[in-house]
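Here is the structure we will look at, set down as structure tokens.
Every number in this text was worked out from the coordinates using simple rules, so none of it is lab data. Quick caveat, the model's predicted, so the values are computed rather than measured. Quick reminder, even Gly has a Cβ in these numbers, built from the backbone with ideal geometry, and neighbours come from all protein chains shown.
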Amino acid sequence: MQSTKFDKKVLIVEASESNIGGTWISKGTVPSKALRAAAKLIQSFESQFGDEKGRKPYERFRMEDIMAYKKPILEGKNKKVKDDIIKNEVDTARGWGRLIDGHTVEVVDHLNEKKIYTASYILVSTGSSPTIPKNIDIDHTKILDYTSILDLTHIPRRLVIIGSGTIAIEFATVFAALGTRVAILNEEEDVVPFLDHEIKSALLKTFKKKNIQLENKISIEKVASNDLRNCDEVHYKIGESERLQVVETDHVLYIGGKAPNTKNLGLKEVGVELDEHGYVSVNNMYQSSIETVFAAGDVIGQPSLASASFLQGRLASVKMFGNPEEITNSDTDLPFGIYSIPEIAGIGLTEDQAIELGMDITVGRAYYENLTKADLNHETDGILKLIFKTDNLQLVGVQIYGEYAADLVHLGQSVMANNGSIKFFIQRVLNYPTYTEAYKIAAFNGLNRVSKSGVKYKKLLDRD
Ligand SMILES: Cc1cc2nc3c(=O)[nH]c(=O)nc-3n(C[C@H](O)[C@H](O)[C@H](O)COP(=O)(O)OP(=O)(O)OC[C@H]3O[C@@H](n4cnc5c(N)ncnc54)[C@H](O)[C@@H]3O)c2cc1C
């Protein structure tokens with residue numbers, strides 16, 4: 001769509017016969033968030049009104065209804081994307097695309113008919129697929145991956161998640177909200193290691209509260225079905241121990257890594273460089289080793305987020321046809337959002353990173369239990385941390401654990417993008433009651449800390 005704004009003719013080649021919008025709409029982002037929204041609604045209802053008979057959510061609510069909640073959202077999104085593409089006069093060719101050279105794409109459609117298209121530029125955005133584990137047979141019935149779990153027809157009573165990344169954390173808390181007993185078996189030493197230490201401990205507290213069992217440093221021996229007990233069993237070992245552990249479950253959700261969809265695309269043949277994992281290597285303009293071939297989204301690797309992919313694709317187009325100076329994004333300006341219940345988000349430095357860099361920083365904290373809005377919504381688990389330079393109060397990081405974290409983080413992002421300080425939150429009127437109030441509370445908390453360390457309060461507010 002960006003390219004049509006530069007008056008260019010654009011063709012999208014899409015392998016799916018029915019959908020457009022990829023993992024974002026059909027298999028990942030939107031469907032998982034729709035499931036989360038339904039689970040969150042159920043959890044909020046439970047926490048506010050309880051159940052007089054003490055039933056678990058899976059005894060009161062049906063997956064069928066939850067899925068019915070999801071369906072119109074996906075249909076609506078799909079239609080919106082199709083309409084936008086038509087409105088922007090972008091053409092679409094359905095079929096499998098393969099590069100012939102730096103200007104030519106061959107498309108084989110579902111009737112095996114071939115067509116050749118040529119263009120000044122080609123943007124590869126074929127996404128990624130879940131990796132297939134060696135010792136686990138994903139049958140998509142009992143043993144699921146992140147795509148097939150979104151087609152479950154019932155709320156499981158027990159779920160074992162093998163994996164520990166952000167998607168695993170999201171599904172763990174979402175199913176726990178539905179009353180499912182969840183165990184996370186993590187092959188790594190730690191879960192989400194990039195989180196700020198206080199945010200991590202808040203997450204681990206939620207795990208405890210929600211009865212989510214977490215085992216780190218495990219190795220899977222086997223996943224087998226136990227017909228007598230009508231369940232699956234996951235056999236594993238922890239760390240160096242030889243003792244075999246067994247956990248019974250209704251379903252296993254395997255969340256391994258992602259692999260780029262770069263096979264059979266003709267990339268290597270036309271000279272597009274791939275890295276050792278098969279991702280397309282690009283420069284900071286998303287241009288590959290071939291000048292006319294660009295790549296964006298999951299196919300270039302981290303951060304593998306819909307949020308980042310939108311911008312990457314747009315920037316590639318700006319580089320092709322617009323003004324390259326517009327490309328100003330940097331790694332420090334990259335927010336993350338984890339849609340667990342509650343949410344986690346951050347931008348800039350964590351407290352630990354700032355200290356490691358030798359910066360003189362102070363931290364201001366706001367706890368959700370002190371927010372009127374959180375009280376009203378029964379969502380008082382949470383913390384917002386502002387990390388700022390002690391000498392001039394410049395904001396260098398925002399780390400949040402709590403509801404609406406993924407939205408809230410963008411206020412910090414705006415202030416940081418303008419090299420602003422925490423005075424912004426103190427000097428401006430912020431709507432009340434809001435979750436945004438956390439910024440004001442954390443800013444005052446941070447200011448008090450600096451003041452306690454000996455700087456006169458008046459001087460603090462004068463500083464620039
Ligand atoms: C469960 C889950 C939850 C997620 N949640 C979030 C979230 O909350 N926020 C977020 O920002 N991101 C999230 N993501 C990540 C996000 O979905 C991806 O980063 C994003 O979809 C990547 O976009 P893409 O265009 O690179 O690839 P995709 O969305 O995978 O699209 C690639 C498209 O290319 C097509 N294609 C592939 N090969 C060919 C070919 N040879 N010819 C023609 N067409 C082809 C495919 O059919 C597909 O439509 C989530 C992912 C998952 C799995």
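Here are the numbers for this structure:
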| read-out | value |
| --- | --- |
| Spin-label pair ASP360/LYS80, simplified geometry with 7 Å Cα→Cβ offset, distance in nm | 4.8 nm |
| Cross-link pairs beyond the 20 Å C-alpha cut-off, checked among LYS9/LYS87; LYS40/LYS70; LYS82/LYS268; LYS209/LYS385 | LYS82/LYS268; LYS209/LYS385 |
| Separation between Cα centres of region 337-404 and region 72-92, rounded to whole Å | 37 Å |
| Those GluC sites (Glu not before Pro) in region 255-326 that DSSP places in a loop and that have at most 14 other beta carbons within 10 Å | GLU273, GLU276, GLU291 |
| Amide proton proximity set for GLU221, modelled H, under 5 Å, gap of 5+ | HIS235, TYR236, LYS237 |
| Segments 371-381, 345-355 sorted - mean Cβ within 10 Å per residue, highest first | 345-355, 371-381 |
| Shape parameters for region 132-256, alpha-carbon atoms, Rg then Dmax in Å | 13.9, 45 |
| Pairwise FRET efficiency - ASP275 versus ARG243, Cβ, R0 = 41 Å, nearest 0.05 | 0.55 |
| At R0 = 35 Å, FRET efficiency that the Cβ-Cβ distance of LEU204 and ALA37 yields, to 0.05 | 0.90 |
| Placed amide H near ILE184: partners under 5 Å, 5+ positions off or other chain | ILE161, GLN213, LEU214, GLU215 |
| FRET E, pair ASP151, ASP462, Förster distance 51 Å, beta-carbon r, rounded to 0.05 | 0.30 |
| In range of the label at ARG94: residues from region 1-26 whose backbone nitrogen is under 14 Å from the point 7 Å along Cα→Cβ | 13-21 |
| Whole-Hz ³J(HN,Hα) from phi, Karplus 6.51 cos²θ - 1.76 cosθ + 1.60, for region 106-119, glycine and proline x | 9, 10, 10, 8, 6, 9, 6, 8, 9, 9, 10, 10, 10, 7 |
| Percent RCO, i.e. relative contact order, over region 342-462, from Cα pairs under 8 Å lying at least 6 residues apart | 30 percent |
| Potential extension, LYS452-THR380 segment - 0.36 nm per residue separation minus Cα distance | 23.2 nm |
| Kirkwood Rh in Å, taken over the chain so that all alpha-carbon pairs contribute | 24.6 Å |
| Zero-based 5 Å bins, Cα pair distances in region 1-106, whole percents | 2, 10, 15, 16, 14, 11, 9, 7, 6, 5, 4, 2, 1, 0 |
| Rg/Rh (Cα only; Kirkwood hydrodynamic radius) as it applies to region 342-462 | 0.96 |
| Cut-off under 5 Å, modelled amide H: who pairs with LEU144 long-range | VAL252, LEU253, TYR254 |
| In Å, descending, principal axis extents of the Cα set of region 220-263 | 42, 30, 12 |
| Low-density loop cleavage sites - trypsin sites (Lys or Arg not before Pro) in region 86-180, where at most 10 other Cβ are within 10 Å (DSSP) | LYS134 |
